[in-house]
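Shown next, in structure tokens, is the structure this report addresses.
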Amino acid sequence: MVHHDPVLPAAAGILAGAEIAELDWSELRDVAVGADGARIPTLDAVLDAAGSRTAVYVEVKASHIDVQVLRCLARHPDVVVAVHGFDHRVARRMVDAAPGLAVGILTDAYLLDPVHALHGAGARDYWPHRESVDRGLVDAIHAAGGRVVVWTVNDPTQARWLAEIGVDALCTDVVDELRAALAG
């Protein structure tokens with residue numbers, strides 16, 4: 001299942017607040033999670049929709065679902081995919097099981113040795129929180145052969161500064177707004 005939050009939103013009616021990881025797909029497939037009646041998609045459905053048109057970044061949030069995620073990815077060999085997570089062991093297990101798979105590690109703090117964390121996880125991408133980024137971090141990750149993908153940047157001024165110091169990508173909720181800010 002593909003959903004950002006660990007619990008169902010208010011739109012889910014009687015299941016609102018339920019832990020998604022505790023529910024079976026048969027319980028979730030028909031649950032509306034948006035005001036427009038949107039449903040939670042499966043990873044297969046998302047990868048089918050993406051096709052070869054775009055890269056898909058999969059954040060693994062549940063523990064020990066690596067095998068299921070890898071099986072799903074294998075069913076979509078034409079989709080460009082990268083996998084990342086806050087649990088850096090996920091990246092390590094994924095790249096060990098599927099050499100060549102692009103993996104990344106998420107952080108919500110400024111690590112003392114981010115390069116060690118990147119290499120220890122076998123990761124290509126370093127995903128720091130926007131408040132934990134400076135030029136020294138970007139330079140260190142680049143020197144180690146990694147990429148810096150900053151999350152979640154919704155402020156155009158901050159996006160411009162991050163672009164100036166050389167981050168490789170931004171994760172945002174306001175794509176059009178940041179695209180316009182960075183183009184100008």
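Values in this text are rule-based calculations from the coordinates and carry no lab data. Note that the coordinates shown come from a computational prediction; the quantities given were computed from them, not determined experimentally. So basically every Cβ, Gly included, is an ideal-geometry build from the backbone, and we count neighbours across all protein chains shown.
Ordered from longest to shortest, the equivalent ellipsoid semi-axes for region 80-175 are 22, 14, 11 Å, each the square root of 5 times a Cα gyration tensor eigenvalue. One equal scatterer on each Cα of region 127-184, no solvent, Debye formula: the resulting log10 I(q)/I(0) at q = 0.12, 0.28, 0.29 Å⁻¹ is -0.24, -1.15, -1.22.
This model, with +1 at the C-beta of Lys and Arg and -1 at the C-beta of Asp and Glu, gives the chain a dipole about its Cα centre of some 500 debye. Against the compact-protein benchmark of 2.2 N^0.38 Å, the Cα-based radius of gyration of region 11-67 scales to 1.29. Rounded to the nearest 500, the 222 nm mean residue ellipticity of the chain from helices alone is -9500 deg cm²/dmol, with -39,500 (n - 2.57) taken per DSSP H run of at least 4 residues. For the listed peptides 20-27, 128-135, 144-151, a ranking on the average number of other beta carbons within 10 Å per residue, highest first, reads 144-151, 128-135, 20-27. Each of the peptides 95-105, 67-77 was scored by the mean count of other Cβ atoms within 10 Å over its residues; in descending order, highest first, they stand as 95-105, 67-77.
Under the criterion of Cα pairs below 8 Å and six or more residues apart, the relative contact order for the chain equals 11 percent. In this simple spin-label model, placing a label point 7 Å from the Cα along the Cα-to-Cβ direction at both Asp108 and Ala21 gives a separation of 1.3 nm. Modelled spin labels at Ala35 and Arg89, positioned 7 Å past Cα toward Cβ, are 4.1 nm from each other. Relative to the compact-globule estimate of 2.2 N^0.38 Å, the Cα radius of gyration of the chain comes out at 1.10.
Diffusion coefficient (Stokes-Einstein, Kirkwood radius over C-alpha pairs, 4 °C, 1.567 mPa s) for region 58-112: 112 µm²/s, rounded to a whole number. With the convex hull constructed from alpha-carbon coordinates only, region 1-110 shows a mean projected area of 8.0 nm² over all directions.
Maximal additional length on extending the Ala97-Ala183 stretch stands at 27.0 nm, based on 0.36 nm per residue less the C-alpha distance. With a simple spin-label model that places each label point 7 Å from the Cα along the Cα-to-Cβ direction, the separation between Thr42 and Val7 comes to 2.8 nm.
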